[in-house]
Amino acid sequence: MRLQGKAAIVTGGGSGFGEGIVRKFVAEGAKVIVADRDAANAQRVAEATGAV
């Protein structure tokens, strides 16, 4: 939980490396906002990880 109490906005977080970063940051305790050109992918990742 190294990122507990931290917040991040991950652009391109709906797939690929960005999705991996979202998953890692959430696992480490960060509050994460997922931003992506494809809103459906961003929503999918947010729902799957507990991000926003």
Over 16 Å [Cα-Cα, region 7-49], rounded percent: 17 percent
List every residue whose amide H lies under 5 Å from the amide H of A30, counting only residues 5 or more places away in sequence or on a different chain, with H placed 1.01 Å from N in the peptide plane. L3
So what is the 222 nm mean residue ellipticity for the chain from helices alone, if each DSSP H run of at least 4 adds -39500 (n - 2.57) and you divide by all residues, rounding to the nearest 500 deg cm²/dmol? -13500 deg cm²/dmol
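Values in this text are rule-based calculations from the coordinates and carry no lab data. Keep in mind it's a predicted model, so treat the numbers as computed, not measured.
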